[in-house]
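Take a look at the structure below.
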Amino acid sequence: MDTWVQEFRKKRLDYGISQSKLSVALGISRQYLNQIEGGKAVPPDDTKKMMEEILERFNPEASLTLLFDYVKVRFPTTEVEWIIKEILKLNIDFMVHEDHAPNNYQESYVMRDIFIMASDDVEKGVLLELKGKGCRQYESFLEAQGRSWFDFFQACMSVKAVMKRLDLAINDVVGILDVPELTKKCQGRECITKFRTFKSYRSGEFIRNREEDKLGMGNTLYIGSLRSDVYICLYEKDYEQYIKNGIPMDETPIKNRFELRLKDDRAQLTVEDLLYGYDLETTVFSIINSYIRFVDSDDRKRRRDWKTNARWACFLGENRGKLKLTTAPEPYTLDRTMNWLARQVAPTLKMVLGLDSLRRTDLLNEMVEHAELTKKQKKILEQEAATIEEVISM
């Protein structure tokens with residue numbers, strides 16, 4: 001029997017998928033699939049590739065994974081130390097404290113990429129902001145605390161916290177979505193949506209300033225106004241990893257990313273729904289379904305009756321495995337600082353070393369020896385030296 005057939009059949013059995021279920025997803029008869037697996041029919045190479053891609057959607061390791069990728073919460077209190085200790089459950093002694101903060105707050109407490117801003121005005125209260133890296137770092141603390149995101153949000157709601165922003169990132173591991181194809185559907189009226197606007201950017205184009213990874217994002221599609229309480233961003237994650245880390249696009253673990261970005265009341269209602277049903281997939285896709293549907297045009301029917309596009313239907317849940325909430329805890333690193341040093345400072349240091357060699361002096365070592373670290377720099381060294389058990393407060 002052909003090696004490809006043996007591997008395909010073994011993978012189907014490992015994934016726990018019946019021939020009947022897979023044949024429906026493939027759009028072929030069960031009898032034909034049985035003939036292929038029995039070596040009695042040989043599909044062409046393009047059909048084999050299609051079969052592999054669709055089978056991979058049933059991978060129990062999940063063809064789609066979901067992450068919390070931006071969390072901003074306002075607490076109606078001026079007791080910032082209590083919030084840090086009792087809600088975040090972190091040790092404030094390891095935080096960098098500064099007497100200024102953005103957004104007209106009076107002070108800030110920072111641990112790596114975890115930002116807490118405080119004000120004496122109870123209307124402004126205490127503001128927690130976790131961007132992508134901050135979420136990943138806080139997940140390492142949640143893990144050490146034996147807590148989940150649900151536990152954290154429950155703690156927030158118990159003190160009447162107000163959600164200001166919540167980004168949910170769905171990682172497409174196997175390439176279910178096709179960003180250029182979805183862009184064409186938006187342009188061709190094959191996107192039925194409540195949103196009134198969309199904007200697309202090709203790979204390498206300048207993406208909006210508010211994006212942290214604007215220069216690394218591949219083909220990108222924004223659906224909805226960036227000023228609204230709800231909008232969607234889809235982009236090619238494999239291109240981003242190629243640009244940033246040099247990973248070949250066909251070897252990246254994530255092909256595309258779908259981000260549902262929620263603000264204010266919409267973010268608040270989403271967290272409340274999550275805590276009511278504890279069913280993340282239902283909550284997320286009920287929002288997506290209420291706002292957008294990609295279809296295939298059919299001149300014989302009215303636009304609202306056009307059939308949902310097969311790829312989009314799979315993304316929503318048809319013929320794929322169940323969506324899982326995943327965490328990706330990441331330790332804090334000084335990579336950004338080191339990269340800055342390598343680009344901006346290292347050439348000057350090398351020149352000083354050259355001068356020391358020519359003049360037989362020791363200027364560089366003398367400068368380092370007499371340099372004074374700031375309080376912030378000393379605190380960062382403390383953070384780096386601390387164990388995770390010391391940093392969390394339980």
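Per the helix-only calculation at 222 nm, which mean residue ellipticity applies to the chain, given -39500 (n - 2.57) for every DSSP H run of n ≥ 4 and division by its residues, nearest 500 deg cm²/dmol? Intermediate values should be presented prior to the final figure.
Details: 16 runs with 158 residues, N = 394.
Calculated mean residue ellipticity at 222 nm is -11500 deg cm²/dmol.
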Ranking 267, 367, 91 by how far each Cα lies towards the positive end of the charge dipole of the chain (+1 on Lys and Arg Cβ, -1 on Asp and Glu Cβ), the top one is 267
GNM on the chain, Cα springs under 10 Å; top mean-square fluctuation among 338, 95, 111 goes to 338
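Based on Cβ point charges of +1 for Lys and Arg and -1 for Asp and Glu, what charge dipole magnitude is obtained for region 31-88 about its Cα centre, in debye rounded to the nearest 20?
Numbers: 7 positive and 11 negative charges, 27 e Å.
The calculated dipole for region 31-88 is roughly 120 debye.
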Env charge @ residue 162, Cβ radius under 9 Å, K,R +1 / D,E -1, value +2
Check: C-alpha center region 1-80 vs C-alpha center region 118-188, spacing in Å is 28 Å
For residue 164, counting only aspartates and glutamates whose alpha-carbon sits under 16 Å away and dropping same-chain residues fewer than eight positions off, the answer is 69, 123, 129, 229, 264, 265, 272, 273
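At 4 °C and 1.567 mPa s, what whole-number value in µm²/s does Stokes-Einstein give for the translational diffusion of the chain, with Rh from the Kirkwood sum over Cα pairs? It would help to have the intermediate numbers written out before the result.
Working: Rh = 24.4 Å.
Estimated via Stokes-Einstein, D reaches 53 µm²/s.
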FRET efficiency (residue 34, residue 228; Cβ distance; R0 51 Å; to 0.05) is 0.55
Across 308, 326, 361, the residue with the highest GNM fluctuation in the chain (Cα network, 10 Å cutoff) is 361
Among 312, 381, 258, the residue whose Cα sits farthest towards the positive end of the charge dipole of the chain, when +1 is placed on the Cβ of each Lys and Arg and -1 on the Cβ of each Asp and Glu, is 312
About its Cα centre, the chain carries a charge dipole, from +1 on Lys and Arg Cβ atoms and -1 on Asp and Glu Cβ atoms, whose size in debye to the nearest 20 is 1820 debye
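Percent relative contact order of the chain, based on C-alpha pairs within less than 8 angstrom and at least six residues apart?
On the way: 596 pairs, mean separation 75.8, N = 394.
The normalised contact order for the chain reaches 19 percent.
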In the chain, taking the dipole from +1 charges on Lys and Arg beta carbons and -1 charges on Asp and Glu beta carbons about the Cα centre, the listed residue (8, 195, 75) farthest towards the positive end is 195
Taking 117-129, 190-202, 369-381 and ranking on average Cβ neighbours within 10 Å, highest first, one gets 117-129, 190-202, 369-381
HN-Hα couplings for region 261-276 via Karplus (6.51, -1.76, 1.60; θ = phi - 60°), in whole Hz with x for Gly/Pro, come out as 10, 10, 10, 6, 4, 5, 5, 4, 5, 5, 5, 4, 5, 4, 6, 7
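Pull out the extension gain between residue 378 and residue 197, defined as 0.36 nm times the separation in residues minus the alpha carbon to alpha carbon distance; nm, one decimal. Don't skip to the answer; put the middle values down first.
On the way: separation 181, 0.36 × 181 = 65.16 nm, distance 4.80 nm.
Stretched out fully, the residue 378 to residue 197 stretch lengthens by 60.4 nm.
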Restricting to lysines and to Cα separations under 23 Å from residue 350, and discarding same-chain partners fewer than 8 apart, the set is none
Largest fluctuation, 80, 174, 368 only, Gaussian network model of the chain with Cα springs under 10 angstrom, belongs to 368
Note: residue 388 to residue 364 extended length (0.36 nm per residue) minus current alpha-carbon separation gives 5.2 nm
Quick calc, residue 155 & residue 50: beta-carbon distance into FRET formula, R0 56 Å, rounding 0.05, result 0.75
Of every Cα-Cα pair in region 326-394, the percentage lying beyond 15 Å is 72 percent
Quick calc, residue 187 & residue 342: beta-carbon distance into FRET formula, R0 51 Å, rounding 0.05, result 0.75
Given pairs 85/376; 133/375; 133/160; 72/131 and cut-off 19 Å on Cα-Cα distance, the over-length ones are 85/376; 133/375; 133/160
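Every read-out reported here was derived from the displayed coordinates using simple, explicitly stated rules and does not represent laboratory data. Nothing here was measured: the structure is a model prediction, and the numbers come from that model. All Cβ positions, glycine included, derive from the backbone under ideal geometry; neighbour counts span all protein chains shown.
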